[in-house]
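S.K.: Mind looking over this structure? Questions follow.
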Amino acid sequence: MADKLMHAVQYDSYGGGPDGLKHVEIPVPKPSKGELLLKLEATSINPVDWKIQKGMLRPLFPPKFPWIPATDVAGEVVDVGPGINNFKVGDKVVSMLNVFKGGGLSEFAVSSENLTVIRPPEVSAAEGAGLPVAGLTALQALTYHGGITLDKTGPTTNILITAASGGVGQYAVQLAKLGNVHVTATCGGRNIDLVKGLGADEVLDYKTPQGAILKSPSDKKYDLVIHCATPIPWSTFEPNLGPNGKVIDITPGPSAFWTAFVKKISCSKKKLVPILLVPKAKNLDYLVGLVKEGKLKTIIDSRYPLNRAKEAWAKSIDGHATGKIIVEP
Ligand SMILES: NC(=O)c1ccc[n+]([C@@H]2O[C@H](COP(=O)([O-])OP(=O)(O)OC[C@H]3O[C@@H](n4cnc5c(N)ncnc54)[C@H](OP(=O)(O)O)[C@@H]3O)[C@@H](O)[C@H]2O)c1
């Protein structure tokens, strides 16, 4: 019998931006051992998806052409491979697809059981699909790397979060406020009210002189910076840091890696720490639980059907999304 076909969006080579994306009909993938077949309800796009297309992560990503991009999905389990004990057909889930397989811009995708969690009815598909890369990065930056406990038991900490209106920043502000934290945030002028609404105590417009130098309106020195915006020189951070201030950089350029190295070998008390997300299901489950409890929300910039995926892609490349960009197959 002929394989069942699905619509998907893929590219065949590096470059090309939105026009490099092609709409195709290809066979629905089959789940192998430890895998689930998901009928996708929502997929979110992250900057890393188009950075891969640009060739910024070559030769590792993509591992092959043609490549169906995007990893952050929510959907329903419609088939299971051998050895699956924790999921069954009909389960609603949130998943981060294997970064070496991609597959999010399509009607069906295969996910690993190890990076999939149950999605309760209180969490919509779009809210869930926003969480994996952006939410996990915000969580790990604050907790593993930043040492913040999200239960108000830790010492009071002054944090700066840059690009607080972006996919990662919006979650970082909300998560930080679960801890004993004073949040200063940066964003564009049009998003100041939104970011205050997420819980930020003080907000700087990054296009103003005070915003450009990251100076706290109430003259606070930052114990921790979660840096989510495009690269900012160490010389801008340094005067705003407390004596043991630490910058967690999720967008490190070459000079950030150099500064991090120099700070480390000179045993500096002020540190710069470039980080990379290490996806973990238990962290994703925690985030889904927070959304269910109403303690965390996904700000959605825009939603597009799969046949308008190019517009979603262009919007992400443009770099001015407020929250997450969602594609709905
Ligand atoms: N290390 C990792 O593992 C990891 C994981 C996730 C993401 N990342 C990286 O982190 C970066 C942020 O990701 P994202 O998903 O949050 O991006 P995003 O959603 O595309 O960010 C867009 C937002 O950033 C704001 N913005 C841009 N430049 C700014 C500046 N200088 N100051 C303040 N706000 C600024 C924009 O505001 P306006 O529209 O007002 O300009 C917009 O609201 C990306 O480079 C991504 O690749 C790294």
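S.K.: Considering only C-alpha atoms, what is the centroid distance from the range 167-233 to the range 35-52, in Å?
M.R.: The two parts, judged by their Cα centres, are 28 Å apart.
S.K.: Hey, if you put +1 on the Cβ of every Lys and Arg and -1 on every Asp and Glu Cβ in the range 98-238, which of V133, G167, H227 ends up farthest toward the positive end of that dipole?
M.R.: Projecting each Cα onto the dipole axis, the largest value belongs to H227.
S.K.: Longer than 32 Å from Cα to Cα, which of K220/K264; K215/K282; K64/K271 are they? Say none if no pair is.
M.R.: From the list (K220/K264; K215/K282; K64/K271), the Cα-Cα distance tops 32 Å for K215/K282; K64/K271.
S.K.: Can you work out the FRET efficiency for the pair K30 and L276, with r the C-beta to C-beta distance and R0 = 30 Å, to the nearest 0.05?
M.R.: Details: r = 31 Å, r/R0 = 1.02.
Approximately 0.45, to the nearest 0.05.
S.K.: May I pose another question? For V203, list long-range residues whose amide hydrogen, built 1.01 Å from N in the peptide plane, is under 5 Å from its own amide hydrogen.
M.R.: A185
S.K.: Oh, and also: Straight-line reach only, C-alpha to C-alpha below 15 angstrom: list the aspartates and glutamates that K4 could link to, leaving out same-chain residues fewer than 8 apart.
M.R.: Qualifying aspartates and glutamates at Cα under 15 Å: E25, D79, E107.
S.K.: Still on this model: Suppose the chain between F100 and K264 were pulled fully straight at 0.36 nm per residue; how much longer would it get relative to their current alpha carbon spacing?
M.R.: The span from F100 to K264 would gain 55.9 nm if fully extended.
S.K.: Ok, one more. Expressed as a whole percentage, what fraction of the accessible surface of the chain belongs to carbon and sulfur atoms when a 1.4 Å probe is rolled over the protein heavy atoms?
M.R.: 57
S.K.: Right, here's the next one. For R119, list long-range residues whose amide hydrogen, built 1.01 Å from N in the peptide plane, is under 5 Å from its own amide hydrogen.
M.R.: Here the answer is K92, V93, V94, since their amide H atoms fall under 5 Å of that of R119.
S.K.: Are there trypsin sites (Lys or Arg not before Pro) in the range 31-75 that DSSP puts in a loop and that have at most 10 other Cβ atoms within 10 Å, and which ones?
M.R.: In loop regions of the range 31-75 (DSSP not H, G, I, E or B), the sparsely surrounded trypsin sites (Lys or Arg not before Pro) are K33, K64.
S.K.: For K196, give me every one of the aspartates and glutamates with a C-alpha distance below 19 angstrom, ignoring sequence neighbours fewer than eight places off in its own chain.
M.R.: By straight Cα distance, K196 reaches D205, D219, D301.
S.K.: Could you run the Karplus curve 6.51 cos²θ - 1.76 cosθ + 1.60 with θ = phi - 60° over the range 278-294 and give me ³J(HN,Hα) per residue in whole Hz, x for Gly and Pro?
M.R.: 10, x, 9, 4, 5, 5, 5, 4, 4, 5, 4, x, 5, 5, 4, 7, x
S.K.: With only alpha-carbon atoms in the gyration tensor, what are the semi-axes of the equivalent ellipsoid for the range 24-124, in Å, largest first?
M.R.: Working: eigenvalues 110, 43, 28 Å².
Each semi-axis is the square root of five times an eigenvalue, giving 23, 15, 12 Å.
S.K.: Tell me, what HN-Hα J-couplings in whole Hz come from the Karplus equation 6.51 cos²θ - 1.76 cosθ + 1.60 at θ = phi - 60° for each residue of the range 33-40, using x for Gly and Pro?
M.R.: 4, x, 10, 10, 9, 10, 8, 7
S.K.: Roughly what % of Cα-Cα distances in the chain sit above 25 Å, to the whole percent?
M.R.: I get 51 percent for the Cα pairs in the chain exceeding 25 Å.
S.K.: Considering Cα pairs under 8 angstrom that are at least six residues apart, work out the relative contact order of the range 227-278 and quote it in whole percent.
M.R.: Relative contact order here is 41 percent.
S.K.: Separate question: May I ask you to give the solvent-accessible area per residue for the range 1-131, in square angstrom, as obtained with a 1.4 angstrom probe?
M.R.: 45
S.K.: Determine ³J(HN,Hα), in whole Hz, for all residues of the range 249-255 in sequence, where each value follows from phi through the Karplus function 6.51 cos²θ - 1.76 cosθ + 1.60 and θ = phi - 60°; x replaces Gly and Pro.
M.R.: In residue order, the calculated couplings are 9, 8, 10, x, x, x, 6 Hz.
S.K.: When DSSP beta bridges are limited to those with both residues in the chain, what percentage is antiparallel, rounded to the nearest 5?
M.R.: 55
S.K.: Length gain on complete extension for the stretch K64 to K207, per 0.36 nm per residue less the alpha carbon to alpha carbon distance?
M.R.: Values: separation 143, 0.36 × 143 = 51.48 nm, distance 4.00 nm.
Going from the current span to full extension adds 47.5 nm.
S.K.: Oh, and also: How high is the relative contact order of the chain, in percent, counting Cα pairs under 8 Å that sit 6 or more residues apart?
M.R.: Details: 787 pairs, mean separation 59.7, N = 329.
Taking the mean separation of contacting Cα pairs over the length of the chain, I get 18 percent.
S.K.: Can you tell me the accessible area per residue over the range 134-274, all protein chains present, probe 1.4 angstrom, in square angstrom?
M.R.: 43
S.K.: What accessible area, in Å² to the nearest ten, does a 1.4 Å probe give for M56?
M.R.: My reading of the accessible area for M56 is about 110 Å².
S.K.: Still on this structure, please answer the following. May I ask for the angle, rounded to the nearest 10°, between helix 309-318 and the longest principal axis of the chain, with both axes built from Cα atoms and the value confined to 0 to 90°?
M.R.: It is inclined by approximately 20 degrees.
S.K.: Given axes a ≥ b ≥ c from the Cα gyration tensor, I'd like to know whether the range 136-282 is rounded (a/c under 1.5), prolate (a/b larger than b/c) or oblate.
M.R.: Verdict is rounded for the range 136-282.
S.K.: Using 0.36 nm per residue of separation minus the Cα-Cα distance, give me the extension gain between T143 and Y14 in nm, one decimal.
M.R.: 42.9 nm
S.K.: Oh, and also: Suppose every K and R has +1 on its Cβ and every D and E has -1 on its Cβ; what is the size of the dipole of the chain about the Cα centre, in Debye to the nearest 20? Before the final figure, lay out each step's value.
M.R.: Values: 37 positive and 30 negative charges, 170 e Å.
About 820 debye.
The values are calculated or read from the model by the stated rules, or taken from the named source; none is laboratory data. What you see is a predicted model, and the numbers here were worked out from it, not measured in a lab. Because the Cβ atoms are built from the backbone with ideal geometry, glycine has one as well, and the counts that use them run over all protein chains shown. Heavy atoms of the whole protein, side chains included, go into the accessibility calculation; ligands, DNA and RNA do not. Shrake-Rupley method; radii C 1.70, N 1.55, O 1.52, S 1.80 Å.
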